[in-house]
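Read-outs: derived from the displayed coordinates by stated rules, not from any lab. Everything numeric here is computed off the predicted structure, so don't read it as measured data. We place every Cβ from the backbone using ideal geometry, glycine too, and count neighbours over all the protein chains shown.
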Ligand code: 5AD
């Protein structure tokens, strides 16, 4: 394709998928978003046309043994009402979701020790037996290699585990000392090795984050080569140590989505709930920057407000799975088509 971008750094990233750290740093804060988003849109179209894939998100437990300093469902937060869905609850979410058109179910939860390998494998196995044409994605945090293998053998196809930040010093500022970036990376590489399609990602604008940290995040992802990449702005939660920190920037977040699309043209990149929460049109802007996935909430409405990772987390409107029609119409208005499909990652072209 004979395309040329005036910015030589953008041109380089567009044509080679890579750029030096200094160029990446500059593009993260570029004001020329038109050029950046057009470049990203070309790549998105080459790999995925105008399609948007959906995943039905089932937030099945908000119990968590961890104490990540940014997260509203951290163990130390005694103001959160805790819940756990049962297997019949989860299967009912899948049934309702299948009818709406979802062909991927994401089981997301805190690190809840109640969900042993046996209990979780049984749930995964039953979902896969009932809906063999669907993908099951797990997002249940750090576990042992054996545990990941058992869950994979029970039928799980994909795993989401954000690295959150790729610089060890910054990681230590966001997490208690019992957690480490090293272990997070161990999990990610083991998941890949076992055969999962792996998703990672990071928060944009988390406390103490520098521009260099964001560049490190991009470089770490080059090493990991994930199939899915989820990013969203940091949003404070009042009952956490970071309750008084300011939110991440939507501009940086959108620029990073476009940069990720250029670096990882075949990746599945969601317009996240956090992006939809920070601005009313955040998710739509995410699609025009290069995102191609959306994960509406399929959890029973009685528990939705309890999965509060941050204040004012969206769980209504097009964020809710039952408003699928509205989501389709909004996407169509921007020239995108929401499809009913597993939405696996396409192979990277290496010409
Ligand atoms: N603001 C934004 N994102 C958050 N997450 C957790 N807490 C917050 C917050 N306060 C993100 C983390 C986690 C994902 C499930 O939600 O990146 O991996």
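Summary of values
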| read-out | value |
| --- | --- |
| Residue 206 in contact (Cβ under 8 Å) with a residue 60 or more places away in the chain and either within 12 Å of the ligand (Cβ to nearest atom) or closer than 17 Å to residue 188 by Cα (or both) | yes |
| Number of positions in the range 66-84 that are closer than 25 Å to residue 126 by Cβ and either in contact with a helix residue (DSSP H, G or I) (Cβ under 7 Å, 6 or more places away or on another chain) or within 16 Å of the ligand (Cβ to nearest atom) (or both) | 1 |
| Residue in the range 328-344 that is in contact (Cβ under 8 Å) with a residue 24 or more places away in the chain and either part of a helix (DSSP H, G or I) or buried (at least 24 other Cβ atoms within 10 Å of the Cβ) (or both) present | yes |
| Long-range neighbours under 7 Å by Cβ, at least six apart or interchain, first residue more than 17 Å from residue 174 (Cβ to Cβ) within the range 225-244, second in a loop (DSSP other than H, G, I, E, B) and more than 12 Å from the ligand (Cβ to nearest atom) | 226/267; 227/267; 227/345; 228/267; 229/264; 229/267; 229/269 |
| 1 or more residues more than 30 Å from residue 40 (Cβ to Cβ): qualifying helices (runs of 4 or more DSSP H) within the range 141-256 | 145-153, 168-174, 181-194 |
| Some residue of the range 123-133 being under 23 Å from residue 232 (Cα atoms), in contact (Cβ under 8 Å) with a residue 24 or more places away in the chain and buried (at least 18 other Cβ atoms within 10 Å of the Cβ) | no |
| Residue that is surrounded by the fewest Cβ atoms within 10 Å (Cβ to Cβ) [pool: residues in the range 297-323 that are under 19 Å from the mean Cα position of the chain (by Cα) and over 20 Å from residue 278 (Cβ atoms)] | 321 |
| Single match in 96, 19, 40 (criterion: within 24 Å of residue 339 (Cβ to Cβ) and surrounded by 17 or more Cβ atoms within 10 Å (Cβ to Cβ)) | 40 |
